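Q: I am attaching a structure below and will ask some questions about it afterwards.
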Amino acid sequence: MTYNKKQFVLNEILNIKNGFIGDYNFSFFCNEKLFTLRPIQFNYFEIYENLPALLSKWRKENPTISTGVFEITEDRTKIWLENHVLNNSDRIIFMIDDHENNSFGHIGLTNFNFENNIVELDSVLRGVKGIYPGLMSLSVYKIIDFVLNYLFLEGVGLSVFSDNESAISFYKNLGFKTVDKQPLIKVKYPDETKLEIRPKNSNLPIEKYYLKMKLING
């Protein structure tokens with residue numbers, strides 16, 4: 001049977017969402033404390049007391065994590081989890097938990113590009129701030145290791161707002177380089193205002209830019 005990387009990767013992501021982790025160890029130490037990247041699975045409601053409420057709280061506290069502005073509710077977060085994360089074969093999000101099941105943030109992957117063997121970091125957020133310095137850096141390193149040495153992709157990219165200087169500095173310190181700059185326009189929908197990449201022939205005013213950054217293996 002011919003090896004199919006796309007089928008392998010998407011099957012692994014689906015298996016992880018179903019609770020079949022395989023032989024990859026998602027745990028790591030930060031300040032002598034053990035943490036793990038715990039995937040949000042289809043049965044997340046059995047694992048977390050009220051995950052939509054927690055994610056909604058963090059989203060309100062960190063409005064720049066998203067390109068959209070909208071009313072944040074637990075019901076809307078639950079729909080997002082089910083439709084845009086769990087039932088999206090192209091996306092997975094991991095909670096950053098200690099081994100007492102306390103959650104400190106989340107990190108994910110999205111936009112698998114099998115032609116170029118690359119995937120983007122997604123939903124990188126520290127929910128609990130001020131403790132365990134280095135936790136987010138170690139979480140990024142861990143998910144990069146998963147991408148390169150378990151999924152066998154060749155690169156990791158990301159998108160960040162050009163005015164988010166702290167995030168840009170964070171990623172540069174991890175070895176990411178800016179490779180592109182995309183103009184964003186403001187688009188209003190009935191229940192949301194979003195920043196979207198400006199079409200090439202559009203004359204709409206540019207609100208800000210997305211920096212595309214990339215880390216290539218080797």
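The values are calculated or read from the model by the stated rules, or taken from the named source; none is laboratory data. Since the model is a prediction, treat every value here as computed from it, not as a measurement. As a convention, Cβ positions derive from the backbone with ideal geometry for all residues, glycine included, and neighbour counts pool all protein chains shown. Note: areas computed on protein heavy atoms with side chains; ligands, DNA, RNA excluded. Shrake-Rupley method; radii C 1.70, N 1.55, O 1.52, S 1.80 Å.
Q: Just to check I understand the Karplus step: with θ = phi - 60° and J = 6.51 cos²θ - 1.76 cosθ + 1.60, what whole-Hz values come out for the stretch 118-131, glycine and proline as x?
A: Residue by residue, the stretch 118-131 yields 9, 9, 9, 5, 9, 6, 7, 8, 8, x, 9, 9, x, 9 Hz.
Q: Using only helices, what value at 222 nm comes out for the chain when you add -39,500 (n - 2.57) per DSSP H run of length 4 or more and divide by the total residues, to the nearest 500 deg cm²/dmol?
A: Helix-only estimate at 222 nm: -8000 deg cm²/dmol.
Q: Beyond 22 Å between alpha-carbons counts as too far, so tell me which of K60/K129; K142/K214; K33/K177 fall in that bin.
A: With Cα atoms farther than 22 Å apart: K33/K177.
Q: Whole-Hz Karplus ³J(HN,Hα) for the stretch 77-88, in order, using 6.51 cos²θ - 1.76 cosθ + 1.60 and θ = phi - 60°, x for Gly and Pro?
A: Going residue by residue, I get 5, 5, 4, 4, 4, 6, 8, 9, 10, 5, 9, 10 Hz, with x marking Gly and Pro.
Q: What FRET efficiency comes out for the pair K172/E46, r = Cβ-Cβ distance, R0 = 41 Å, nearest 0.05?
A: Between K172 and E46 the formula returns 0.55.
Q: For S27, S56, what's the largest-to-smallest order of accessible area, 1.4 Å probe?
A: Result, largest first: S27, S56.
Q: E32 to T64: FRET efficiency via 1/(1 + (r/R0)^6), r the Cβ-Cβ distance, R0 35 Å, to the nearest 0.05?
A: FRET efficiency, E32 to T64: 0.65.
Q: Taking H placed 1.01 Å from N in the peptide plane, check which residues at least 5 places from I40 or on another chain put their amide H under 5 Å from its amide H.
A: Distant-sequence amide H within range of I40: I93, F94, M95.
Q: In whole Å, what are the Cα extents of the stretch 88-185 along the three principal axes, biggest one first?
A: The Cα atoms of the stretch 88-185 stretch 40, 32, 25 Å along their principal axes.
Q: Starting at the first residue of the stretch 164-173, write each ³J(HN,Hα) from the Karplus equation 6.51 cos²θ - 1.76 cosθ + 1.60 with θ = phi - 60°, in whole Hz, x for Gly and Pro.
A: In residue order, the calculated couplings are 8, 5, 5, 5, 4, 4, 4, 6, 4, 5 Hz.
Q: Could you report the chain's accessible area per residue, 1.4 Å probe, as an integer in Å²?
A: Accessible area per residue: 56 Å².
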